[in-house]
Amino acid sequence: MSDVTRRIAENLAAVRGRIAAAAGRAGRPADAIELVAVTKYVPAQIAAVLAEAGCHALGESRPQALWAKAAELANPAVRWHLVGHLQRNKIARTLPLVALVHSVDTLRLLTAIDEEAGLAGRPAQVLLEVNVSGDRAKMGLPPAQLAPTIQRAAELANVSIRGLMGMASLTGVAAATRRDFGRLRELRDQLTAECPANVSLAELSMGMSGDYEIAIEEGSTIVRIGSALFEGIPA
Ligand SMILES: *Cc1c(COP(=O)(O)O)cnc(C)c1O
């Protein structure tokens with residue numbers, strides 16, 4: 001086993017252990033939380049090592065990087081997640097490669113995804129990105145726009161809404177992080193009550209290397225973790 005392989009396996013085991021512990025504190029089973037390994041810091045060969053170690057959900061934040069890694073990485077067990085912004089001119093090439101788009105932040109993008117998925121004959125699975133912290137003006141739907149966006153989404157035949165995605169403000173203050181994640185979960189709970197039958201808000205994609213344990217305690221079902229998995233790996 002090479003040093004890189006060993007280190008990745010150790011990092012993965014450590015992250016999984018902390019996920020399980022946080023899930024336990026929240027009274028949930030560890031397998032209620034999906035780990036998406038964000039591979040944007042490493043080349044495809046390192047992402048491949050992670051997949052061989054058993055982590056099959058991989059994420060990229062830039063569509064072009066996702067295309068390149070998906071082409072290089074031949075492991076058929078891998079399911080790709082796009083966690084960053086999707087430009088409309090990149091939809092057609094991205095959709096066939098991904099299991100889930102986490103970051104739909106406008107009705108315009110959602111409608112364009114629906115059109116493209118209709119042409120491809122394969123429904124797209126998406127999360128709506130919400131600007132819960134308020135300090136990232138350009139990223140995510142304002143909470144007030146969620147209900148109307150969901151109503152409209154319910155009329156689109158080729159997109160399937162699976163839940164919400166959000167990030168905590170970058171203060172690094174645990175109480176503020178917990179408040180942002182708690183707010184996203186509350187929004188989800190409120191919206192679920194009035195949700196059209198063909199929309200599900202079951203998934204909450206929240207939590208990154210610095211805050212995933214808090215996110216899980218606050219109800220996250222998908223964590224997007226990059227740097228913690230690649231500690232000690234030369235770039
Ligand atoms: C990079 C990135 C992550 C992972 O960040 P880390 O702090 O390295 O775990 C998660 N989500 C998104 C949207 C990202 O761009």
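Here are some notes:
Here is a yes/no grid of residues against (1) within 16 Å of ILE225 (Cα to Cα); (2) out of contact with any strand residue (DSSP E or B) (no Cβ under 9 Å at 6 or more places or on another chain); (3) hydrophobic (A, V, I, L, M, F, W, C):
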| site | (1), (2), (3) |
| --- | --- |
| LYS69 | no, no, no |
| ARG79 | yes, no, no |
| LEU82 | yes, no, yes |
| SER103 | yes, no, no |
| ARG108 | no, yes, no |
| ALA112 | no, yes, yes |
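- Pairs, first among the acidic types (Asp, Glu) in the range 206-229, second near the ligand (Cβ under 8 Å from one of its atoms) and assigned to a loop (DSSP other than H, G, I, E, B), C-beta under 9 Å, six or more apart: ASP211/MET167
- Just one residue in the set GLY172, GLY163, GLY121 is on the phi > 0 side of the Ramachandran plot and surrounded by 18 or more Cβ atoms within 10 Å (Cβ to Cβ); that residue is GLY163.
- Per this entry, LEU187 is not counted among residues that are more than 12 Å from the ligand (Cβ to nearest atom), within 18 Å of GLY140 (Cα to Cα) and part of a loop (DSSP other than H, G, I, E, B).
Here's the yes/no breakdown for (1) in a strand (DSSP E or B); (2) over 16 Å from SER103 (Cβ atoms); (3) more than 16 Å from the ligand (Cβ to nearest atom); (4) of a type outside the set (D, E, K, R):
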site	(1), (2), (3), (4)
ALA168	no, no, no, yes
LEU191	no, yes, yes, yes
CYS195	no, yes, yes, yes
ASN198	no, yes, yes, yes
LEU204	yes, no, no, yes
ILE214	no, yes, no, yes
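- Selection status of THR39, within 16 Å of the ligand (Cβ to nearest atom) and among the hydroxyl-bearing types (Ser, Thr, Tyr): yes
- Where helices (runs of 4 or more DSSP H) fall wholly inside the range 51-141, the ranges with 1 or more residues that are acidic (Asp, Glu), away from the ligand (no atom under 16 Å from the Cβ) and out of contact with any helix residue (DSSP H, G or I) (no Cβ under 8 Å at 6 or more places or on another chain) are 107-120.
- Inspection of the range 101-115 identifies at least one residue that is free of Cβ contacts under 8 Å to residues at least 24 places away in the same chain and farther than 29 Å from ALA14 by Cα.
- In the range 216-235, residue nearest to the chain's Cα centre (by Cα) [restricted to those that are part of a loop (DSSP other than H, G, I, E, B) and over 23 Å from ARG179 (Cα atoms)]: PHE230
- Taken over the range 1-13, the criterion of being in contact (Cβ under 8 Å) with a residue 60 or more places away in the chain and under 23 Å from the mean Cα position of the chain (by Cα) is satisfied by ILE8, ASN11, LEU12.
This table checks each residue for (1) closer than 26 Å to ALA92 by Cα; (2) touching a Leu at 6+ places or on another chain (Cβ under 9 Å).
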position: ARG122; (1), (2): yes, yes
position: ALA144; (1), (2): no, no
position: ALA157; (1), (2): yes, no
position: ILE161; (1), (2): yes, yes
position: VAL173; (1), (2): no, no
position: ARG179; (1), (2): no, no
position: ARG185; (1), (2): no, yes
position: ALA197; (1), (2): no, no
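- Flag if ALA22 is away from the ligand (no atom under 16 Å from the Cβ) and either in contact (Cβ under 8 Å) with a residue 60 or more places away in the chain or out of contact with any Pro (no Cβ under 7 Å at 6 or more places or on another chain) (or both): no
Read-outs: derived from the displayed coordinates by stated rules, not from any lab. In this text the structure is predicted, and so the values were computed from the model without any measurement. Note that we place each Cβ from the backbone using ideal geometry, even for glycine, and neighbour counts take in every protein chain shown.
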